[in-house]
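Presented below is the structure to which this report refers.
The values are calculated or read from the model by the stated rules, or taken from the named source; none is laboratory data. Nothing here was measured: the structure is a model prediction, and the numbers come from that model. Heads up, the Cβs are rebuilt from the backbone with ideal geometry, glycines too, and the neighbour counts pull from every protein chain shown. To get the accessible areas, we keep the full protein, side chains included, count just its heavy atoms, and leave off ligands, DNA and RNA. Shrake-Rupley method; radii C 1.70, N 1.55, O 1.52, S 1.80 Å.
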There are 4 protein chains.
Amino acid sequence: MSQSHPAPVAAAESEQTGQFVLTLSCPDKQGIVHAVSSYLFMTGCNIEDSQQFGDHDTGLFFMRVHFTGGTTVDKLRASFSAVGDSFRMDWQIHRAEEKMRVVLMVSKFGHCLNDLLFRSRIGALPVEIAAVVSNHTDFAELAASYDVPFHHIPVKKGTENSKEEAEARLLRLVEDERVELVVLARYMQVLSDNLCKQLSGRIINIHHSFLPSFKGAKPYHQAHVRGVKLIGATAHYVTADLDEGPIIEQEVERVGHEVTPEQLVAVGRDVECQALARAVKWHSEHRVLLNGQRTVVFT
Amino acid sequence: MSQSHPAPVAAAESEQTGQFVLTLSCPDKQGIVHAVSSYLFMTGCNIEDSQQFGDHDTGLFFMRVHFTGGTTVDKLRASFSAVGDSFRMDWQIHRAEEKMRVVLMVSKFGHCLNDLLFRSRIGALPVEIAAVVSNHTDFAELAASYDVPFHHIPVKKGTENSKEEAEARLLRLVEDERVELVVLARYMQVLSDNLCKQLSGRIINIHHSFLPSFKGAKPYHQAHVRGVKLIGATAHYVTADLDEGPIIEQEVERVGHEVTPEQLVAVGRDVECQALARAVKWHSEHRVLLNGQRTVVFT
Amino acid sequence: MSQSHPAPVAAAESEQTGQFVLTLSCPDKQGIVHAVSSYLFMTGCNIEDSQQFGDHDTGLFFMRVHFTGGTTVDKLRASFSAVGDSFRMDWQIHRAEEKMRVVLMVSKFGHCLNDLLFRSRIGALPVEIAAVVSNHTDFAELAASYDVPFHHIPVKKGTENSKEEAEARLLRLVEDERVELVVLARYMQVLSDNLCKQLSGRIINIHHSFLPSFKGAKPYHQAHVRGVKLIGATAHYVTADLDEGPIIEQEVERVGHEVTPEQLVAVGRDVECQALARAVKWHSEHRVLLNGQRTVVFT
Amino acid sequence: MSQSHPAPVAAAESEQTGQFVLTLSCPDKQGIVHAVSSYLFMTGCNIEDSQQFGDHDTGLFFMRVHFTGGTTVDKLRASFSAVGDSFRMDWQIHRAEEKMRVVLMVSKFGHCLNDLLFRSRIGALPVEIAAVVSNHTDFAELAASYDVPFHHIPVKKGTENSKEEAEARLLRLVEDERVELVVLARYMQVLSDNLCKQLSGRIINIHHSFLPSFKGAKPYHQAHVRGVKLIGATAHYVTADLDEGPIIEQEVERVGHEVTPEQLVAVGRDVECQALARAVKWHSEHRVLLNGQRTVVFT
């Protein structure tokens, strides 16, 4: 976990000791851990932290290894592919120190946006916020106060092609800015199936209920009508099925009978911030692996 | 809150200082608290604890007052009725020290039963367990070890009238034993609409999910498939709408991706015990008032 | 609870229906609730919400009443004093809509400051932030982005009178700006006994441990050494006894063996924000009453 | 995690596929994971689950591997010792299915005892309860209802040698019954340094506070005086330093100002049961490793 390895004085980047994260999933069989640990041992790497999970339901195996070594991510990717192929792995290797490039999207409620901007600023999230995107202009100033570019991409109701054009602009931004993760931080527009597919596994939403309860609109009002004693929030990957994507994190808070829908909204802000911040942190640290409609989260 | 008022040495029961609980609900209007506190002041009673709630949605007002006084519950009921009538109150007065008579119903999973029996034994629940009822015989011995009568009331699938007869036996038991509360402590038979109506407001169930998520059968398996990160349990009044009755209490516990459905069941046992025990305690202390499909819980 | 009463179109302020909060504590005796509710009834006020607590240990009685009425706070204060006197009450009446004037103090860690500024901005805290005060200049820009005056009041170690002068400047600011509450939002200077006394009951600190565990410096490091499984934060009134003041709120978060002291600090930021924000909110809503070294919190 | 491997029809025990748990700690260096996974691969074993932790503070490495293989625990122990020696490991191999033999000790409060007995009965704890030991006779009947031998070992105050004799009887029982774990389930006698040493690492206590707060006697009363907003319980290994042993698990519950010391005791029962049950479960599953005055818990 420690980030405190001594920095070599004057070596080329390729020769420094770097920190790396390997994530993989594959059909479970004997020898996977052995193969990975042998590979790392042979290439002079040292395991810092390793987690694994074998899903007996699906027969899939998942692994995350945080390791150090005096090599480059390109060399590692080149040499690991033989191991990956032999076990039919879906695998990735990233530099642990590299910040993930992120776009934050927001509509009218800015608590998650403010929370993520501040966490990023103080180094609590390993992300580089490339841009804030909104269908409104309310948070242009907040973005500016963090020196983050703000893009106003309006979506007009009833206007032909408005959503299509907005999504095209978003995708161009994602491409131009080499964005690796889009975060819907209370962005209230439903995305097209096409966009969901294009950003599959790279887009996280915060839904303001404890899913699968209270899908769809006005979940706090639904929760109030039902009289639940805990309200929640759910951070999940976005899929074409609204509010049905793989769940990354959930949080709840206790509420009493006296709490009005408006007060539920206020209580909910805190659990939304917490659930989303954890989900973004874990994703950025390559701790979240997809397992069908579920997630494996190596915390 | 203190139960430690000095016991008078040699007075008739009717002249002792007793502890009482008044609960009421009525249309909200000016003067209710004043009327109640005046009544108690005039009759020489002292308020120990008082809670109230005005529901702006429904225009209803709810109140619970714990008070002491040198009178009897019969006299209080007689004299308070004028106040109750003038505000069209739905009200009740109980002796605070009087234990509620309860029947516990169970099928094959005994954790809630064991928990409630033990809590009752050590004085942690103000209940008198009149009987344990089960459609199986597994827990006859457990009931016996607590000196609680055990009634085996089998329900045979496909046998005509079997459920009807079982429910009739239960209702007779409720009547004969002056039972005030029936607790479904993992009793796995669906009750008839008729029974639900007859026991309305006097029957509590523990559902092994965070309602309204995962209604119906095998909720832990549903939760596993959906990949939720917290599992829950819900104690609620039973109504004819399965798993839709007013919620009294909910509890959740965090679970990771590695937890199998069987392990969810194990984790769930603890949250079920906690949610149900609190619901039974609060109901027995007259802390739960019905507010349509919701509850007001004065804790 | 609802703030949505219709505003009268064209009446003098003194004739409008206002919302008020009465808080009181006094020796417990029969008739207090009756006296208060009679007073409110007679003056045409309507109780919205009322809570009370009788402490059997100390013999003290505490009450908070939220009520509406077509009068002014001055008239209420004038007319209630007779009731207050007759029960030897320590009492206060405030307009519920009036925002409390607050100074936020911070040193080098800005998460609580950022959190409170944002909550205030979106109306989640009923406060008016009169100023941000710091012994450093790091957060001048953050304060400016919220249009809040920033005061740099340095405290130089080893310099004679430096702390004394700094505290004198703070007290002048408190007086000039009619500040009702000082919040130490990770302000890392120990205050003099004199200042603690002058601001008694009007100054809240967030301590980054679950008090009384880990008083004093570097509590997260202490927690790490001890190997605790939950870390916490404590919001409390400041007294001359360091970290011994009456506790208003505490929050905890689960941590594993792998969490380093630096990571504890990061986890701790969230619980600090939550505990402090709740304490400030409750204090600003006149929900916290002092009971010796303890607090009564009517939530 | 699954326990559902097919049982071979008619093979000698030594040839069946068994489930095993290896735990180890040693100075951290390159190649440990590789050596362990190579060993398991070479001996035809399959890793089901593996966790590790490198403590940068102490330079120690900790690992737990759950694996299956067609061999015996004796053969594994014999063959692994070479690996263990080469890395100076402190290591153990156990059969995963083997229940740990446990003695439960109790004084006057039986909630943890009742909880552990019931969990053991329904298979929720992988333990074999060899005996219940008490310095009182209150729970003889409860033990009997679970068919567990009850030993009354009184400790008389002021009687010379009484504690010494009681501890000698306990140690004989531990030896005679091959007891692997002693659980102090609210056993209120302070143990001698000698006994603590003899049972070091094999004896768990539940302390009824959130340690290190409120060490020693009457922690709930201490908590009440201090006015804390959360109360807790701590399960820890017993050492000669009272209430200072390595913490295994902690749990807390929120409490309000109105809760009396007696009610704190009641709330505390639940958190005590939960913290102790988890600690006993994890210890029995060989998930807890000692790391100086701290623990590593692989959950």
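Data for the structure
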quantity: Members of the stretch B:278-290 found to be away from chain A (no Cβ under 12 Å) and either small (G, A, S) or part of a helix (DSSP H, G or I) (or both), listed by number; calculated: B:V280, B:K281, B:H283, B:S284
quantity: Candidate set: the stretch A:223-240, residues that are within 12 Å of chain B (Cβ to nearest Cβ) and not in a strand (DSSP E or B); chosen: the one most open to solvent (accessible area, probe 1.4 Å); calculated: A:V225
quantity: Hits in the stretch C:98-116 - residues which are β-branched (V, I, T) and over 30 Å from C:L22 (Cβ atoms); calculated: C:V106
quantity: Hits in the stretch D:208-222 - residues which are open to solvent by less than 50 Å² (accessible area, probe 1.4 Å) and either of a type in the set (G, A, S) or under 14 Å from D:V271 (Cβ atoms) (or both); calculated: D:H208, D:S209, D:F210, D:L211, D:S213, D:F214, D:G216, D:P219, D:Y220
quantity: Residue check, D:V190 closer than 18 Å to D:A130 by Cα and either without any contact (Cβ under 8 Å) to a residue 60 or more places away in the chain or open to solvent by less than 40 Å² (accessible area, probe 1.4 Å) (or both); calculated: no
quantity: Test for B:D90: is it at pLDDT below 95 and either within 30 Å of B:I203 (Cα to Cα) or in the same structural domain as B:V127 (by TED's automatic domain parsing) (or both); calculated: no
quantity: Matching residues in the stretch D:111-131 - criterion: being free of Cβ contacts under 8 Å to residues at least 60 places away in the same chain and closer than 23 Å to D:V265 by Cα; calculated: D:N114, D:L117, D:F118
quantity: Qualifying positions in the stretch B:14-38 - surrounded by fewer than 22 Cβ atoms within 10 Å (Cβ to Cβ), assigned to a helix (DSSP H, G or I) and at the interface with another protein chain (Cβ under 9 Å from one of its Cβ atoms); calculated: B:H34, B:A35, B:S38
quantity: Yes/no for D:D49 being part of a strand (DSSP E or B) and surrounded by fewer than 19 Cβ atoms within 10 Å (Cβ to Cβ); calculated: yes
quantity: Residues of the stretch A:204-229 satisfying the condition of being among the aliphatic types (A, V, I, L, M) and out of contact with any Phe, Trp or Tyr (no Cβ under 7 Å at 6 or more places or on another chain); calculated: A:I206, A:L211, A:A217, A:V225, A:V228
quantity: Only one of C:V267, C:V252 that is touching a residue at least 12 places away in the same chain (Cβ under 8 Å), in a strand (DSSP E or B) and either open to solvent by 20 Å² or more (accessible area, probe 1.4 Å) or on the phi < 0 side of the Ramachandran plot (or both); calculated: C:V252
quantity: Filter pass, C:A275 being surrounded by 22 or more Cβ atoms within 10 Å (Cβ to Cβ), facing chain D (nearest Cβ under 10 Å) and either touching a Lys or Arg at 6+ places or on another chain (Cβ under 7 Å) or modelled with pLDDT of 95 or more (or both); calculated: yes
quantity: Pair list, Cβ < 6 Å and 6+ apart or interchain, from the stretch A:41-59 residues that are touching a residue at least 24 places away in the same chain (Cβ under 8 Å) to residues that are open to solvent by less than 40 Å² (accessible area, probe 1.4 Å) and among the hydrophobic types (A, V, I, L, M, F, W, C); calculated: A:C45/A:F67; A:E48/A:F67; A:Q51/A:F298; A:F53/A:F62; A:F53/A:V296; A:G54/A:F61
quantity: Residue within the stretch C:206-222 that is in contact (Cβ under 8 Å) with a residue 24 or more places away in the chain, closer than 30 Å to D:F61 by Cβ, within 14 Å of chain D (Cβ to nearest Cβ) and of a type in the set (A, V, I, L, M) present; calculated: no
quantity: Among residues of the stretch D:60-101, those that are within 30 Å of D:I122 (Cβ to Cβ) and either in contact with a helix residue (DSSP H, G or I) (Cβ under 8 Å, 6 or more places away or on another chain) or part of a helix (DSSP H, G or I) (or both), counted; calculated: 10
quantity: Only listed residue being out of contact with any Phe, Trp or Tyr (no Cβ under 8 Å at 6 or more places or on another chain), part of a strand (DSSP E or B) and in the same structural domain as B:L276 (by TED's automatic domain parsing), chosen from B:L142, B:L104, B:L125, B:L116; calculated: B:L104
quantity: Residue that is surrounded by the fewest Cβ atoms within 10 Å (Cβ to Cβ) [pool: residues in the stretch A:152-174 that are within 25 Å of C:S145 (Cβ to Cβ) and in contact with a strand residue (DSSP E or B) (Cβ under 7 Å, 6 or more places away or on another chain)]; calculated: A:H152
quantity: Any chance C:G44 is surrounded by fewer than 19 Cβ atoms within 10 Å (Cβ to Cβ), outside any strand (DSSP E or B) and not assigned by TED's automatic domain parsing to the domain that holds C:Q189; calculated: yes
quantity: Count - residues of the stretch D:258-299 that are hydroxyl-bearing (S, T, Y) and within 16 Å of D:V228 (Cβ to Cβ); calculated: 1
quantity: Test: residue in the stretch C:53-67 that is surrounded by fewer than 16 Cβ atoms within 10 Å (Cβ to Cβ) and farther than 29 Å from D:G256 by Cα; calculated: no
quantity: Counted residues, the stretch D:129-151 - those being under 24 Å from B:E141 (Cβ atoms) and open to solvent by 50 Å² or more (accessible area, probe 1.4 Å); calculated: 8
